[in-house]
Amino acid sequence: MKTNSILILLLCLLAQPGHGQRKHEFEVRSPDGSISLLVQTRERLQWSVKHDGQQIINPSPISLQLADGLILGHNAQISSSELEEVNTSFKAVNYKKAIVDDHCFQLSLDFQDDYGIIFRVYDDAVAYRFFTNLEGEIVIANEEANFNFTHDHPVFIPYMWDYRDGRIFNCSFESLYTEQKISQFRPDSLAFLPLSADVGGGRKAVIMEADLEDYPGMFMKLNETGLGYKGVYAPYPLEEKQVGINYIPVRRADYIARTKGNRKYPWRAVIISEHDKELLDNDLVQKLASPNRIGDISWIKPGQVAWDWWSAMNISHVDFKAGRNTETYRYYIDFAAANGIEYIIMDAGWSNFRDLTRTRQGIDLPGIIEHGNKCGVGVILWAGWRQLMLQLDDVFSLYADMGIKGFKIDFIDRDDQLAVASTYEMAKKAAEHRLLIDYHGVFKPTGLQRTYPNVVGYEGVKGMENVKWAHEDVPRYDVTIPYIRMLAGPMDYTPGAMRNASRDCFAPINANPMSQGTRCHQMAMYVIFEVPLQMLSDNPTEYMKEQECTDFITQVPVTFDETVPLDGKVAEYVALARRKGDTWYAGAMTNWDPRELTIGLSFLDEGEYKAVIFKDGLNAHRQAADYVGEIVKVTREDEMNIQLSAGGGWAARFEKLK
């Protein structure tokens, strides 16, 4: 305690502008002293970061550029400064743990010209955000955000590539990671966040943003140093047009945002890890997000979902023609009820494309909802973003009164200011009608799910739908996203394939798709991948053929009380454990390289547990659906030797014995 008091006193002295030349420099350390942030405020406002003495971020200029020519951050004149310790905690909603501890040192600098900046230094991250205290509306011409590294580090970069209508700033935010050096950044492209760099010594630095509201998302581009990145933002849309299911800006302004002058701007952040597995249990976005605005959240029920789209409704052994009709949706409800699944989704095709208040012929929606209510299964509807925005009040009111539980909102495919603002507007209005929201075709989450906890799903990931049409290295991606994309928040990857293929046997098939990797690779995803609205993507017929696996999957919770990273390395393998009440769940996955892991069970409490285990079969490298299920008794003193096949996985449930 004495050491902390001395440290706080020292930091407070450094933060006083009256100490000679130090009035232009401020150093803030993390609570454990491992991370040091240096802020310089002379001709240009700059920040830099060290971790245990190693320079991670070199001095990097930052500023806000207003349309009237004023650049906030150039020749900044400090009017006041404040250093404080933040040490609190809060209850997390629909998350991977019950309580989030929030401990950092925060430096606030107020400048002349009515603006300022806030820095936070955590034991595992640094973050900053601008704020302005200006009257009326202002126009942001651009924001300068730089992340200058010290060397030409290896990086994992998710590039924009599938431009909607051939126009930049319009994409699905689904990309495999390009593994290259910083300087090899493609000159004709942009990258979206999160973006990870291997900064040496086992350390990773992941660039993030959080609390993105009424402001465009930040893309990355190589900056003038050749060893760093700078922020790029979609200009403000002035004119838009319908292109298929997308709504595409065809004319943009020469500025990025029109906004109120009295506000805070998004957080720009870097997460720093000493070991890869630390990235599996990071809470930075939750800490930086705006708190719950809904109030009462007792009506928000996360859960699993029987999903119709991935398997193209190819059910069999029924006495009706499968498709978008009442009989098929009732069948999905019956399957969900029999397996304790909370919801079904009626994906695209249930409604008139131009009028979401009208259902297509052959669908008795009130009857489907009534059948679901009798069975204890809720119904969620798909909607295209543009059409829903045109009919938002009517659609939410109509279907909430009818008994619908929520909406899957798709094809946003933009993150300019208007698109970002719409995600908040839809979440707010949905909450007023007690509706859940699952965003698809959307940019990465940045904390909206804490602000509006009825947002229970977020895509922004190259999920399993892509194996229906592409032959890519999916297992490597599967063991990369937990360390990068999942840092941003919930990740609706849509796992659960029961048709599984080895590397040599895989083929993209749209109507009867298969997954890459083993059955247990798929099962482990239910433990490893975070999303409060978790899909069972395959069709009920397949799940009923594989009831043993289905029973395990449907008993895995979608939110947890505690998360414990076990082992892992980016792009190679991942292993973690999660607790819900007295029961623990653990999962492990590998890329196409078979491997052996030894996992200690010290995360368990004292006493004996029944372990229900699913592991790759001896022939899983040839027949990927091959698995072995077993039940053994264990204690926290035990270790488990895990043999992972190529593209393999392992999943277990540990039940406390009385």
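General remarks:
- For region 465-516, the Cα gyration tensor yields ellipsoid semi-axes of 22, 12, 9 Å (square root of five times each eigenvalue, largest first, whole Å).
- Applying the Kirkwood pairwise sum to the alpha-carbon positions of the chain produces a hydrodynamic radius of 25.8 angstrom.
- Length gained on full extension, S80 to T598, computed as 0.36 nm times the residue gap minus the Cα-Cα distance: 181.1 nm.
- Length-normalised contact order for region 37-120 - Cα pairs under 8 Å, 6+ apart - percent: 21
- Three-way shape call for region 38-166 based on the alpha-carbon gyration tensor, with the a/c threshold at 1.5: rounded
- Relative to the current alpha-carbon distance between H151 and Q391, full extension at 0.36 nm per residue lengthens the span by 81.3 nm.
- For chymotrypsin sites (Phe, Trp or Tyr not before Pro), the sites in region 458-549 that DSSP calls loop and that have at most 15 other Cβ atoms within 10 Å are W469.
- When both bridge partners sit in region 295-406, DSSP labels roughly 20% of those beta bridges antiparallel.
- Region 329-404 versus region 454-480: alpha-carbon centroid distance in Å: 25
- Under the Karplus curve 6.51 cos²θ - 1.76 cosθ + 1.60, θ = phi - 60°, whole-Hz ³J(HN,Hα) for region 193-207, x wherever Gly or Pro sits: 9, x, 10, 10, 10, 8, 9, x, x, x, 7, 10, 10, 10, 7
- Computed over region 144-283, the percent of Cα pairs more than 17 Å apart is 65.
- Annotation: average projected area of region 197-341 is 16.3 square nanometres, based on the convex hull of Cα atoms across all directions.
- Amide H to amide H distances under 5 Å link Y458 with Y439, M491, D492, where only residues 5 or more positions off or on other chains count and H is placed in the peptide plane.
- Accessible surface of region 600-658 [probe 1.4 Å, protein heavy atoms]: carbon and sulfur percent: 46
- Full-stretch length increase - K569, Q54 - with 0.36 nm per residue and alpha-carbon distance subtracted: 183.3 nm
- Three-way shape call for region 457-555 based on the alpha-carbon gyration tensor, with the a/c threshold at 1.5: oblate
- Under Karplus coefficients 6.51, -1.76 and 1.60, residue-wise ³J(HN,Hα) of region 151-162 in Hz, glycine/proline x: 9, 7, 6, x, 9, 10, 10, x, 7, 5, 8, 9
- Beta bridge orientation in the chain: antiparallel %, DSSP, nearest 5: 85
- Contact order normalised by residue count of the chain, Cα under 8 Å, 6+ apart, percent: 11
The values are calculated or read from the model by the stated rules, or taken from the named source; none is laboratory data. Being a predicted model, the structure only gives us computed values, none of them experimental. Positions of Cβ are backbone-derived with ideal geometry, glycine not excepted, and every protein chain shown enters the neighbour counts. The area values use the complete protein model at the heavy-atom level, side chains included, leaving out ligands, DNA and RNA. Shrake-Rupley method; radii C 1.70, N 1.55, O 1.52, S 1.80 Å.
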